[in-house]
Amino acid sequence: MDAKPKIHKKLNELEATAISGNDISSSVLYVSALSIAFAGQYAWITLLIVSFVLFLFRKIYGEVVGALPLNGGAYNALLNTTSKSVASFAATLTILSYMATAVISANEAIHYLHHIIPTMPVIIATIALLSLFAILAIGGITESAKVAIGIFLFHLGSLLVLTVFVVIFLIKNGTGMFFENWHMPLKEGSVMTAIFFGFAASMLGVSGFESSANFVEEQKSGVFPKTLRNMWAIVSIINPLMAIFALALFTLPMLQSDDYQNTLSIEMGK
């Protein structure tokens with residue numbers, strides 16, 4: 001008697017959003033601080049500009065991948081529309097982007113852990129963390145959708161709790177600090193220069209937006225464009241909001257210091 005063929009379960013909207021959303025939503029732990037370092041009081045504006053650029057890219061990317069719903073993201077799209085050399089060049093840039101995101105995310109994670117365990121060496125621990133995940137990837141360990149959902153909801157829940165308490169604090173103490181920071185003179189350069197460099201730093205916060213296209217074949221029909229919409233909404237709300245909160249809680253010199261740059265969310269939580 002022939003065995004029944006195994007039915008491959010496709011990912012629903014929440015599962016697909018969680019897997020790709022964990023990548024892009026974690027940027028809130030560092031991108032607000034980075035943008036403030038370069039753009040100062042205009043950081044939230046640069047993050048909104050990034051949101052607008054991502055909105056335009058989302059429409060184009062959704063149509064392209066929708067027309068060619070195959071795993072591989074930008075590489076697959078270019079492979080079917082241009083030459084192999086152009087597609088390979090794009091794939092190389094994508095790998096470099098992922099490597100940069102991995103290094104920054106790992107380093108930030110260790111900085112947060114270092115805040116709890118001050119004796120831990122940051123650089124060595126960062127290398128060890130990256131090595132651990134490299135071993136898991138080489139070993140063929142795949143990502144669990146259920147675990148991804150748990151991490152995703154816990155992360156968003158933590159940010160919601162932080163938001164509620166920051167709002168309560170500002171209601172009690174006022175938003176005077178934000179307007180003091182707004183009228184502070186820039187250290188150097190013009191407003192446009194600050195916004196330009198702040199925009200460049202803020203773009204790091206949306207690295208990983210294209211990750212959903214890498215497993216589009218595993219998603220149910222119609223899920224892919226919804227994952228793009230959900231990720232866009234998350235970074236468009238969370239990142240500018242956290243930058244505004246930071247500017248309403250601390251002075252610019254404090255925000256641009258090394259301690260606050262590395263663990264801004266902890267300082268905001270305090």
Original post:
For the range 113-139, what are the residues that are open to solvent by less than 60 Å² (accessible area, probe 1.4 Å) and among the β-branched types (Val, Ile, Thr)?
Top reply: Val122, Thr126
**OP:** Identify the residue in the range 229-250 that is of a type in the set (A, V, I, L, M, F, W, C) and buried (at least 24 other Cβ atoms within 10 Å of the Cβ) and, among all such residues, is farthest from Asn76 (Cα to Cα).
**Re:** Leu247
**OP:** Note down all Cβ pairs under 6 Å where the first residue falls in the range 83-109 and is free of Cβ contacts under 8 Å to residues at least 24 places away in the same chain and over 20 Å from Ala137 (Cβ atoms), the second is part of a helix (DSSP H, G or I) and open to solvent by less than 80 Å² (accessible area, probe 1.4 Å), and they're at least six residues apart or on different chains.
**Re:** Val86/Leu78; Ala87/Leu78; Ala87/Leu79; Ala90/Ala74; Ala90/Leu78
**OP:** Residue by residue through the range 166-182, note down the ones that are free of Cβ contacts under 8 Å to residues at least 40 places away in the same chain and not aromatic (Phe, Trp, Tyr).
**Re:** Val167, Ile168, Ile171, Lys172, Asn173, Gly174, Gly176
**OP:** Tell me which residues, restricted to the range 79-100, are in contact with a Ser or Thr (Cβ under 9 Å, 6 or more places away or on another chain), more than 19 Å from Val206 (Cβ to Cβ) and open to solvent by 40 Å² or more (accessible area, probe 1.4 Å).
**Re:** Leu79
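Being at pLDDT 85 or above, more than 18 Å from the chain's Cα centre (by Cα), farther than 30 Å from Leu249 by Cβ and of a type in the set (D, E, K, R), is that true of even one residue in the range 51-58?
no
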Original post:
Of the residues in the range 154-165, how many are open to solvent by less than 100 Å² (accessible area, probe 1.4 Å), over 24 Å from Tyr42 (Cα atoms), free of Cβ contacts under 8 Å to residues at least 24 places away in the same chain and of a type outside the set (Gly, Ala, Ser)?
Top reply: 1
Subject >> Filter result for Val216 (open to solvent by less than 50 Å² (accessible area, probe 1.4 Å), in contact with a helix residue (DSSP H, G or I) (Cβ under 6 Å, 6 or more places away or on another chain), more than 21 Å from Ala43 (Cβ to Cβ) and assigned to a helix (DSSP H, G or I)) >> reply: yes
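With the range 1-112 as the region, which helices (runs of 4 or more DSSP H) entirely inside it contain at least 1 residues that are more than 29 Å from Phe196 (Cβ to Cβ)?
Once the helices (runs of 4 or more DSSP H) in the range 1-112 are filtered for at least 1 residues that are more than 29 Å from Phe196 (Cβ to Cβ), what remains is 13-25, 43-67, 73-79.
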Original post:
Taking into account only those residues within the range 166-189 that are open to solvent by 60 Å² or more (accessible area, probe 1.4 Å) and among the polar types (S, T, N, Q), which is farthest from Leu11 (Cα to Cα)?
Top reply: Asn173
Original post:
Can you find even one residue in the range 143-160 that is among the charged types (D, E, K, R) and within 24 Å of Val103 (Cβ to Cβ)?
Top reply: yes
**OP:** Any chance you could count how many residues in the range 61-82 are touching a helix residue (DSSP H, G or I) at 6+ places or on another chain (Cβ under 6 Å), under 18 Å from Thr227 (Cα atoms) and free of Cβ contacts under 8 Å to residues at least 12 places away in the same chain?
**Re:** 0
Original post:
Can we say Phe224 is under 24 Å from the mean Cα position of the chain (by Cα) and open to solvent by 70 Å² or more (accessible area, probe 1.4 Å)?
Top reply: no
**OP:** For the range 215-249, name all the residues that are β-branched (Val, Ile, Thr) and closer than 19 Å to His183 by Cα.
**Re:** Ile244
**OP:** Please find, within the range 101-112, the residue that is farthest from Gln261 (Cα to Cα) out of those that are surrounded by 14 or more Cβ atoms within 10 Å (Cβ to Cβ) and hydrophobic (A, V, I, L, M, F, W, C).
**Re:** Ala102
Original post:
In the range 214-270, which residues are among the aliphatic types (A, V, I, L, M) and either at positive phi or in contact with a His (Cβ under 7 Å, 6 or more places away or on another chain) (or both)?
Top reply: Ile266
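The values are calculated or read from the model by the stated rules, or taken from the named source; none is laboratory data. These numbers were taken from a predicted model, which means no experiment stands behind them. Positions of Cβ are backbone-derived with ideal geometry, glycine not excepted, and every protein chain shown enters the neighbour counts. Each accessible area value is taken on the protein alone, full model and side chains, heavy atoms only, with ligands, DNA and RNA left out. Shrake-Rupley method; radii C 1.70, N 1.55, O 1.52, S 1.80 Å.
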